[in-house]
Structures are given as C-alpha cells and as structure tokens.
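Here's the structure we're looking at; comments come further down.
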Amino acid sequence: MIKIIVADDHPVVRAGIKEILAEDPSLTVTDEASSGYELLRKIREQDFDVIILDISMPGIDGLDTLKQIKSEKPKARVLILTIHPEARYAVRCVRMGADGYLTKASAPTELIGAIKRISQGRKYISLSLAERLTEELDQDSGKLPHQALSDREYQV
C-alpha cells in the first residue's frame, strides 16, 4: 500500500484527488494539508511514501515547502501537482528535488502512474516535458555540455 499525503489549499481539489486515488486499491491517502506549514508539521509526525504538493499555497508556498522537505527529509518523494504550466516551473522543481511534476490538467490515470513510479524511487515527467527538454538540448549548441569540454577539462 502506497501511503500518500496531499497538500493543496483547495478542499475540493484535495477531495477530488482522494476520490481518484481511491479507485486504485494499492494507493491510500493517509492525510492532507491545506498549507505548507501544516504539511511540514504532519510529515514530521507520520510515515508516508509520496507527498503530492501544490505550488500556490498560503503562508509558505510549494517551492519553499519543497526546499524545507528536502532539507529535513532528503529521501522524501514529492510529486508537484499544480495549475502552473510545465514551461514555467517543472525544470526548477525537479532541480530543487521534486521527483515529478504534473499539471492539474493531467488525466487521472497519469496521476496514478506518476505516484506509482515515484514510490519506486524513480522520477516522473510528462511526455510533453521530456520532448521539450530534448528540443532544448538539441538547440543549445548541438552538443551536450560535457562534449564541449577539452580532454583536460573533462578529466578535472
């Protein structure tokens, strides 16, 4: 059973996520939080497998909450689920330690798949984000960053 904590400031969103996840018997929402501060308090008090975290929340936003989670519990698995488009935050969130990024426009099956993947210690990004990142790499100079290094720079 994958134990999940849902953090979103909108009760209807939390209820919807719980309803979606209830369709899969391997998933259970063990708790929920309406703010970053509440989430931080709850993860200190209980065990969980995956945190679903929104970016826009009152008090401490999702990005600062993510930093604090990773500071206190570096191995915590966090899926960002937000209204904000991938182009704006996805890469930043993954660099900050998020294990996955989905928009709230995603299909319920994609949410379930992302949670399962993340619970196994793997990363999750959508196909559209993977394609965009690949295109950016292709445009950056035609070379991967390490390919631009001299032999000596590479050794160092």
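The values are calculated or read from the model by the stated rules, or taken from the named source; none is laboratory data. What you are looking at is a predicted structure, and each value in this text was computed from that prediction instead of being measured. Methodologically, a virtual Cβ is constructed for each residue, glycine included, from the backbone with ideal geometry; neighbour enumeration extends over all protein chains shown.
Name the single residue that is nearest to Lys3 (Cα to Cα) among those in the range 97-111 being more than 9 Å from the chain's Cα centre (by Cα) and crowded, with 17+ Cβ neighbours inside 10 Å.
Taking the candidates together, the pick is Leu111.
Out of (1) out of contact with any His (no Cβ under 9 Å at 6 or more places or on another chain); (2) under 27 Å from Val12 (Cα atoms); (3) at pLDDT 95 or above; (4) not small (Gly, Ala, Ser), the odd one out for Pro85 is which?
(3)
What are the residue pairs meeting all of these: first residue in the range 126-137, first residue in contact (Cβ under 8 Å) with a residue 40 or more places away in the chain and under 18 Å from Ala105 (Cα atoms), second residue among the small types (Gly, Ala, Ser) and surrounded by 12 or more Cβ atoms within 10 Å (Cβ to Cβ), Cβ atoms under 7 Å, and 6 or more apart or on different chains?
Leu129/Ala90
Which of the residues that make up the range 1-44 are of a type in the set (Lys, Arg), buried (at least 17 other Cβ atoms within 10 Å of the Cβ) and either within 18 Å of Lys67 (Cα to Cα) or modelled with pLDDT under 95 (or both)?
If the condition is that a residue be of a type in the set (Lys, Arg), buried (at least 17 other Cβ atoms within 10 Å of the Cβ) and either within 18 Å of Lys67 (Cα to Cα) or modelled with pLDDT under 95 (or both), then Lys42 is the only one that fits.
Can you tell me how many residues in the range 16-38 are of a type in the set (A, V, I, L, M) and more than 22 Å from Arg117 (Cα to Cα)?
1
Would you list the strands (runs of 3 or more DSSP E) that sit entirely within the range 1-64 and hold 2 or more residues that are at positive phi and of a type in the set (A, V, I, L, M, F, W, C)?
In the range 1-64, there are no strands (runs of 3 or more DSSP E) which contain 2 or more residues that are at positive phi and of a type in the set (A, V, I, L, M, F, W, C).
Do you know which residues across the range 95-112 are under 17 Å from Glu19 (Cβ atoms), without any contact (Cβ under 8 Å) to a residue 24 or more places away in the chain and either outside the structural domain of Ala15 (by TED's automatic domain parsing) or assigned to a helix (DSSP H, G or I) (or both)?
Within the range 95-112, Thr109, Glu110 qualify.
With the condition kept exactly as written, say whether any residue in the range 64-73 is under 22 Å from Ile2 (Cα atoms), touching an Asp or Glu at 6+ places or on another chain (Cβ under 7 Å), surrounded by 22 or more Cβ atoms within 10 Å (Cβ to Cβ) and not aromatic (Phe, Trp, Tyr).
No, that holds for no residue.
Tell me whether the range 45-58 contains one or more residues that are farther than 22 Å from Ala90 by Cα and surrounded by 15 or more Cβ atoms within 10 Å (Cβ to Cβ).
yes
Pick from Ile69, Ile55, Ile83: which is out of contact with any helix residue (DSSP H, G or I) (no Cβ under 7 Å at 6 or more places or on another chain), assigned by TED's automatic domain parsing to the domain that holds Leu27 and not aromatic (Phe, Trp, Tyr)?
Just a single option satisfies the conditions, and that option is Ile83.
Considering only the range 135-156, state which residues are in a helix (DSSP H, G or I) and either at pLDDT 80 or above or among the small types (Gly, Ala, Ser) (or both).
Ala148 - this is the single residue of the range 135-156 that is in a helix (DSSP H, G or I) and either at pLDDT 80 or above or among the small types (Gly, Ala, Ser) (or both).
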